[in-house]
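Q: I am attaching a structure below and will ask some questions about it afterwards.
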Amino acid sequence: MEALEARGGVAPAREILGQGVTRAALARAARDGLVVRVRHGVYALGRTSPAVVAAAAHGGAVACVTALALWGVWVLADPGLHVWLGDKGRAHAHPGCRCTDHHGAGRAAFGVVPIADALVQAARCLSREAFFAAYESAWRLGLIGAADRITIRSALPSRLRRVLDIARGDAESGLESLLRLRLADRGIRLDCQVPVIGVGGVDFVLAGRIILEVDGRENHDGPSMRHKDLVRDAAAAAAGYEKLRFDYALVVYSWPLVEAAILRRLGR
Ligand SMILES: [Zn+2]
Ligand SMILES: [Zn+2]
């Protein structure tokens, strides 16, 4: 178990045999449930993350969007299992395999790829918007530093390098990232967490003129909440702001309608 632990919880048997580990000891540990046989010649500790075990069964390391999700980075949808196989590694058959393979320079290994590698891989599997949101999320979580950001930039195609110019390390949510990128494409500035007198902190302000409210999970029903909302609306109007209100589903799934509403209001 120590030999496996030292290798991140999963390793080929040939790497641990001879390190004071005998075939008999390995077989006994597997029989006792302390280690699991991932596939022929590959063993893992029983408590290894299921994604890492599944990627090892496939032949490599958890990669791309799956790695980002493991790190706690915001990804739009359930990514499935993406596996790094290195330059020469091959995919192995295993039950329920629906894996997405990633190849490239370097040797296949088990475990989880480094976060900067995962972001570069994800640039190929995600839409431009989803990549941007994941990148900002990783930055905000403190998972990528200045050196990582330089490495990532140099590995990306030029069309994605341009979106990194508007990326920030303080985006509060994936929704904020999506909004900022979509509005930037239209040349509209988005300010976030803006203090407005009489209203308090406002999540989004468009072009310095329009308060954009996006209802999340919080409950806006009930007479007292309704009264508070109306007070905020009146205070915003008194401070010279217009107001537009949408919900998360509208912004994510009905963007053309939201965009048309924003452009018409800004035009006026
Ligand atoms: Zn991928
Ligand atoms: Zn697979």
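The values are calculated or read from the model by the stated rules, or taken from the named source; none is laboratory data. Everything quoted here is computed from the prediction, not taken from an experiment. Positions of Cβ are generated from backbone atoms using ideal geometry, with glycine treated the same way; all protein chains shown enter the neighbour counts. These area figures cover heavy atoms from the full protein model, side chains too; ligands, DNA and RNA do not enter into them. Shrake-Rupley method; radii C 1.70, N 1.55, O 1.52, S 1.80 Å.
Q: Per the Kirkwood treatment, what hydrodynamic radius in Å, one decimal, follows for segment 55-166 from the mean inverse distance over all distinct Cα pairs?
A: By the Kirkwood definition, the hydrodynamic radius is 14.1 Å.
Q: Under a 5 Å amide H to amide H cut-off, with H placed in plane at 1.01 Å, what residues pair with Leu34 once short-range neighbours are removed?
A: It is none; the list stays empty.
Q: Could I ask something else about it? Where both partners of a DSSP beta bridge lie in the chain, what percent of those bridges are antiparallel, to the nearest 5?
A: Around 60 percent antiparallel, to the nearest 5.
Q: Which whole number of Å³ per residue matches the convex hull of the alpha-carbon atoms in the chain?
A: That works out to 172 Å³ per residue.
Q: Still on this structure: Solvent-accessible area of Asp87, probe 1.4 Å, all protein chains present, reported in Å² to the nearest ten, please.
A: Spelled out: Asp87, probe radius 1.4 Å, area about 80 Å².
Q: Also: Where the only charges are on Cβ atoms (+1 Lys, Arg; -1 Asp, Glu), what is the dipole of segment 2-47 about its Cα centre, to the nearest 20 debye?
A: The dipole magnitude comes to about 200 debye.
Q: I would also like to ask the following. From the Cα trace of segment 4-79, what convex hull volume per residue do you get, rounded to a whole Å³?
A: Residue-normalised Cα hull volume stands at 90 Å³.
Q: Counting helices only, and only those DSSP H runs with n ≥ 4, report the 222 nm mean residue ellipticity of the chain as the sum of -39,500 (n - 2.57) divided by its residues, in deg cm²/dmol to the nearest 500.
A: Helix contribution divided over all residues of the chain: -13000 deg cm²/dmol.
Q: Provide the convex hull volume over Cα atoms per residue for segment 2-47, in Å³.
A: About 63 Å³ per residue, rounded to a whole number.
Q: Mind putting a number on the dipole of the chain about its Cα centre? Charges go on the C-beta only, +1 for Lys and Arg and -1 for Asp and Glu, and I need it in Debye to the nearest 20.
A: Dipole of the chain, to the nearest 20 debye: 780 debye.
Q: Please compute the contact order of the chain in relative form: average sequence separation of alpha-carbon pairs under 8 Å and at least six residues apart, divided by the residue count, as a percent.
A: Rounded, it is 11 percent for the chain.
Q: Rounded to a whole number, what % of the accessible area of the chain do carbon and sulfur atoms account for, probe 1.4 Å?
A: So the carbon and sulfur contribution to the accessible surface is 52 percent.
Q: Ok, one more. Starting from the eigenvalues of the Cα gyration tensor, five times each then square-rooted, give me the equivalent ellipsoid semi-axes of segment 174-267, largest first, whole Å.
A: One finds semi-axes of 22, 16, 12 Å for segment 174-267.
Q: For Cys125, what accessible surface area do you get with a 1.4 Å probe? Give it in Å², rounded to 10.
A: So the heavy atoms of Cys125 present about 60 Å² to solvent.
Q: Give the angle, between 0 and 90 degrees and rounded to the nearest 10, that separates the Cα long axis of helix 128-140 from the longest principal axis of the Cα atoms of the chain.
A: Helix 128-140 sits at roughly 80 degrees to that axis.
Q: In Å², what does the accessible area per residue of the chain work out to with a 1.4 Å probe?
A: Per residue, the chain has an accessible area of 54 Å².
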